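Heads up: the structure comes next, in structure tokens.
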Amino acid sequence: AALALRVLSPAKERAAREALRDAALACAPRAELAPPATGFYAAEAAVFVDARGVGALYHSEAGFAAALAARAERLGLPAMVAIADTRGTALIAARRLARSEPQASGAQHGSLGAVQVIPPGGDSAFLAPLALDLLNPDDALADALSRFGLRRVGDLLRTPERALVNRLG
């Protein structure tokens, strides 16, 4: 009874992605659409925003993230806003927020979205306990990682590079 069927509309998806980018550009001078994802995350729309120097306008990174989320909410778009040292970590943090997993400290939820700010230098500590599927590996790689007993990002980070090359090619 709770199942909802939605027909994919490339035109509406493109319009939503562009609106999300425009919302980001209203808060920061540099923003770009992320390349389309594949697999489980194929329908996600991600925008990368350069947050350098936003503290002067928004008083903190958390204030900037809240402003981005509010701008998207005014457009009726759900927004998972994550700020981190790297784009990849921010994208993974946003995916985690979208899953509504138990949140790390600093995560805040609103009506249409959520905000997570990972402190500078905290990417590794944030990523370590997360499931590898947030990295969106293809099926063959996910199977190989699972066969080697790697389930969390921390497991992967602790594996020596040489061992990974020997195991995965």
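The values are calculated or read from the model by the stated rules, or taken from the named source; none is laboratory data. Just so we're clear, the structure is a prediction, and the values are computed from it rather than from any experiment. Glycine gets a Cβ as well: all are built from the backbone with ideal geometry, and neighbour counts include every protein chain shown. SASA here: full protein model, heavy atoms, side chains in, ligands and nucleic acids out. Shrake-Rupley method; radii C 1.70, N 1.55, O 1.52, S 1.80 Å.
A cut-off of 5 Å between modelled amide H atoms, ignoring neighbours fewer than 5 places along the same chain, links Ala114 with Ala79, Met80, Val81.
A Förster radius of 25 Å combined with the Cβ-Cβ distance from Ala19 to Leu57 puts the calculated FRET efficiency at roughly 0.70. The modelled label-to-label distance for the pair Ala42/Leu164, using points 7 Å beyond Cα in the direction of Cβ, is 2.7 nm.
For the stretch 18-169, give the magnitude of the charge dipole about the Cα centre (Cβ charges: +1 Lys/Arg, -1 Asp/Glu; no others), in debye to the nearest 20. Please report the intermediate quantities before stating the final value.
Working: 15 positive and 16 negative charges, 51 e Å.
Charge dipole, the stretch 18-169, about its Cα centre: 240 debye, nearest 20.
Centroid-to-centroid, using Cα positions, the stretch 112-129 and the stretch 12-38 are 21 Å apart. Rounded to the nearest whole Hz, the Karplus-based 3J(HN,Hα) values (6.51 cos²θ - 1.76 cosθ + 1.60, θ = phi - 60°) of the stretch 28-38 follow the sequence 8, x, 10, 8, 8, 5, 6, x, x, 7, 10, with x at glycine and proline. In the elastic network of the chain, a GNM with C-alpha springs shorter than 10 Å, the most mobile of Ala93, Ala31, Ala142 is Ala142.
Taking amide H as placed 1.01 Å from N in the peptide plane, Ala37 has its amide H under 5 Å from the amide H of Glu44, each at least 5 places away in sequence or on another chain. Treating each Cα of the chain as an identical point scatterer and ignoring solvent, apply the Debye formula and state log10 I(q)/I(0) at q = 0.15 Å⁻¹. Taken in order of the listed q values, log10 I(q)/I(0) reads -0.91. Ligands, DNA and RNA left out, the accessible area of the stretch 1-132 computed with a 1.4 Å probe is 60% carbon and sulfur.
Rank these residues by their accessible area, most exposed first, probe 1.4 Å: Leu5, Leu68. Mind dumping the intermediate values first?
On the way: Leu5 165, Leu68 25 Å².
Descending accessible area places them as Leu5, Leu68.
Amide hydrogen proximity for Arg152: with H placed 1.01 Å from N in the peptide plane, the residues at 5 or more positions away or on another chain lying under 5 Å are Leu132.
In Å², and per residue, what accessible area does the chain have when probed at 1.4 Å with the other protein chains present?
Details: 10360 Å² over 169 residues.
With the other protein chains kept in place, the chain gives 61 Å² per residue.
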